[in-house]
């Protein structure tokens with residue numbers, strides 16, 4: 001491998017996504033070996049020289065049956081350190097979904113701040129830079145790391161999707177909780193610019209007490225409008241369904257949901273199949289999806305985020321600005 005060459009690796013089940021990213025970059029995935037041992041331990045190593053290479057390691061850190069988030073984090077960290085030991089000039093960890101990002105502050109006495117612990121693990125194991133997509137709390141993510149961080153957004157994909165489908169109907173962009181208002185506002189502004197007309201905004205109250213979520217007041221006017229609920233992820237679907245029903249009860253003509261990461265745990269298929277939701281849009285940041293699209297009764301749309309990740313990697317490798325992907 002020539003000095004400074006781009007080497008792209010994709011671990012485990014992220015390989016198919018990695019191949020799509022590599023194809024966009026016009027190169028092949030760098031070869032590597034992953035071995036499993038009888039006692040649950042594992043080993044991964046590159047199968048070609050990475051000396052002086054600019055190495056990128058793709059690994060989505062969502063938990064799946066037989067491969068929890070902690071296990072995936074360890075695999076990514078160990079492989080990053082292995083690349084550094086093998087002489088890579090720089091190692092960038094690319095985690096389209098970053099595990100433990102929801103636990104970014106103390107909400108009870110002696111709570112862990114797990115986002116910071118993830119940062120310490122990756123930094124201790126050789127990651128010079130971390131790239132992720134639509135993290136739960138951007139400020140907490142940026143403050144947790146002491147190395148370079150790059151935050152990508154699926155916003156342009158959602159804008160293109162909805163701009164091509166909404167026509168002239170009245171729209172309101174809704175955050176399903178107060179914490180996501182800034183994310184929803186950026187999307188509202190981008191969609192309004194694409195449509196060339198103003199759009200309303202709103203948010204739904206949300207309270208969590210010992211794991212029980214409540215609250216259904218809607219701040220903003222949704223009556224007579226099609227609502228687009230925007231969130232960073234959908235796990236059980238409970239938060240989105242609660243917000244969808246609240247919007248319906250206040251006169252919304254339709255409710256569409258969009259979330260970057262389709263975790264789909266527990267009874268998510270039944271929740272999203274509810275009549276309160278007209279459609280559910282996610283990206284393929286989590287692959288493979290825990291549930292087949294058919295499980296959602298035709299409501300699920302999956303947008304391909306591989307080109308965005310590839311374009312970001314190209315710009316980073318060439319010393320360009322990722323902000324240019326968003327016109328910044």
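What follows draws every value from the coordinates through simple rules; no lab data is involved. Source: prediction; values computed, not measured. Don't worry about glycine lacking a Cβ; one is built from the backbone with ideal geometry, like all the others, and counts go over all protein chains shown.
Using the alpha-carbon centroid of each, what span in Å lies between the stretch 1-62 and the stretch 275-328?
20 Å
Enumerate the whole-percent occupancy of each 5 Å bin, from 0 to the last occupied one, for all C-alpha pair distances of the stretch 223-279.
Once binned at 5 Å, the Cα pair distances of the stretch 223-279 give 5, 22, 33, 24, 11, 5, 1.
Just need the relative contact order of the stretch 155-304 here, percent rounded to a whole number, with Cα pairs under 8 Å and 6+ apart. Please list the in-between numbers first.
Working: 303 pairs, mean separation 27.8, N = 150.
This gives 19 percent for the stretch 155-304.
With both bridge residues required to lie in the chain, what share of the DSSP beta bridges run antiparallel, to the nearest 5%?
Values: 11 of 53 bridges.
Close to 20 percent.
Pull up the DSSP beta bridges for the stretch 155-304 and report the antiparallel fraction as a percent, rounded to 5. Mind showing how you got there, number by number?
Working: 5 of 28 bridges.
So the antiparallel bridges amount to about 20 percent of the total.
Give the whole-number value, in cubic angstrom per residue, of the convex hull volume spanned by the C-alpha atoms of the stretch 155-304. If you can, show how the numbers build up before the last one.
Values: hull volume 15.0 nm³, N = 150.
Normalising the Cα hull of the stretch 155-304 by residue number yields 100 Å³.
For the chain, report the convex hull volume of the alpha-carbon atoms normalised per residue, in Å³, without decimals.
On the way: hull volume 45.9 nm³, N = 328.
For the chain, the hull spanned by Cα atoms encloses 140 Å³ per residue.
Listing 136, 59 from the residue with the fewest other Cβ atoms within 10 Å to the one with the most, what is the order?
Details: 136 20, 59 25.
Least crowded to most crowded, the residues run 136, 59.
Let me have the relative contact order for the chain, percent, based on Cα pairs under 8 Å that are six or more residues apart. If you can, show how the numbers build up before the last one.
Values: 656 pairs, mean separation 41.5, N = 328.
Across the chain, relative contact order equals 13 percent.
Going by C-beta contacts inside 10 Å, put 78, 37 in order with the fewest on the left.
Ascending Cβ contact count within 10 Å gives the list 37, 78.
Could you list 270, 324 so that the one with the fewest beta carbons within 10 Å of its beta carbon is first and the one with the most is last? Numbers along the way, then the final one.
Numbers: 270 13, 324 10.
Lowest to highest Cβ neighbour count: 324, 270.
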